[in-house]
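Below: one structure, written as structure tokens.
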Amino acid sequence: MAGGVAHDLNNLLAVILGHADCARLDAPPNSDFADSLDQIGDAARRAGELARQLLAVTGKAIRRPTQVGLPALVRDAVAQMRPMLPRSCSIQLELAPAAVEGDTAQLRQVLVNLLLNAAQAIEGASGTITIRTGVRAIGWATAGVAADLELSEGTYAFLAVRDDGVGMKPEVQARVFEPFFSTKGSGRGLGLAVVRGVARGHGGGVRVESAPGSGTEVEVLLPMSMSSVMEAAPSLPRGEASAEEGLVLVVDDER
């Protein structure tokens, strides 16, 4: 339903913006008429952003996949977001190499949402936001994680954001991914819903750990790009092998 509403809303907004632009051509500069048209355009663009968020919630947003290095993505996003975060929040980076095939803009939105949520959880007090990237293997030893996130076994890149804020009660944590659910009076309740929608749209999942007074960690797991998997694979010089070590290549058409 959200995807259908977002699609229809975008069609209507295209008509509104198109006619507002045409009318602006005939509007006297610096007139009340021109100001009104500017207000119409700004409101329509904000509505368009809401429609894009609804599509992201459903995991149906248009993707333009490229190879995205998560450490570089984090550094760029933190540099842009730092002036918007409270000065009382310190940011700690623990970035190990990890890359995914994904849409850079959508993945940046994921990180922005997680940063804003972490800053709000600290509630103006002094606190630390820790951002980690790296690689995790999801297999038989982590079968519970795979089942909870509806992931198949394999190697995943992860992006984790942890705060030492107020944490969440179990009843709140159970609803954090619901669209339009928010504990903040001014919030739309789309932040974590968008995060999970983008993750699922990329074939991944989101894990949340939180407890009252112990802070919150949100971990986004995404399939690694194939080029990163190949680069990470061990290799032996040509013609060299031993009984103790070797390179095994497995080709399987099942995911």
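The values are calculated or read from the model by the stated rules, or taken from the named source; none is laboratory data. The model shown is predicted, which means the values in this text are computed figures rather than measured ones. Neighbour counts are summed over all protein chains in view; Cβ atoms, including those assigned to glycine, are modelled from backbone coordinates with ideal geometry. Side chains are part of the model used for accessible areas, which takes the heavy atoms of the whole protein and leaves out ligands, DNA and RNA. Shrake-Rupley method; radii C 1.70, N 1.55, O 1.52, S 1.80 Å.
Starting from residues that are of a type in the set (Asp, Glu) and within 21 Å of VAL208 (Cα to Cα), keep the ones in segment 76-132 and report whichever is surrounded by the fewest Cβ atoms within 10 Å (Cβ to Cβ).
Ranking the qualifying residues of segment 76-132, first place goes to GLU123.
Just to be sure before I move on: is ALA99 touching a residue at least 60 places away in the same chain (Cβ under 8 Å) and among the small types (Gly, Ala, Ser) in the structure I sent? Talk me through it step by step, then tell me what you get.
Working: touching a residue at least 60 places away in the same chain (Cβ under 8 Å): yes; among the small types (Gly, Ala, Ser): yes.
Considered against the rule, which asks whether it is touching a residue at least 60 places away in the same chain (Cβ under 8 Å) and among the small types (Gly, Ala, Ser), ALA99 comes out as yes.
Among the residues of segment 18-34, which ones are of a type outside the set (D, E, K, R) and either under 14 Å from ARG52 (Cβ atoms) or out of contact with any helix residue (DSSP H, G or I) (no Cβ under 6 Å at 6 or more places or on another chain) (or both)?
Correct list: GLY18, HIS19, CYS22, LEU25, PRO28, PRO29, ASN30, SER31, PHE33, ALA34.
Look through segment 188-207, keep the residues that are of a type in the set (Lys, Arg) and in contact with a strand residue (DSSP E or B) (Cβ under 7 Å, 6 or more places away or on another chain), and return whichever of them is most open to solvent (accessible area, probe 1.4 Å).
Residues of segment 188-207 that are of a type in the set (Lys, Arg), as a first pass: 188, 196, 200, 207.
Filter once more, so that each one left must be in contact with a strand residue (DSSP E or B) (Cβ under 7 Å, 6 or more places away or on another chain): 196, 207.
Details: ARG196: 75, ARG207: 42 Å².
Among those residues, the one meeting the criterion is ARG196.
Considering only helices (runs of 4 or more DSSP H) fully contained in segment 1-109, which possess at least 3 residues that are closer than 30 Å to ASP164 by Cα?
32-58, 70-81
Consider segment 86-121. How many of its residues are under 11 Å from the mean Cα position of the chain (by Cα) and more than 17 Å from GLY191 (Cβ to Cβ)?
Taking segment 86-121 first, the residues under 11 Å from the mean Cα position of the chain (by Cα) are 102-115.
The next check asks that each one be more than 17 Å from GLY191 (Cβ to Cβ); those that pass are 102-104.
Summing the residues that are under 11 Å from the mean Cα position of the chain (by Cα) and more than 17 Å from GLY191 (Cβ to Cβ) in segment 86-121 gives 3.
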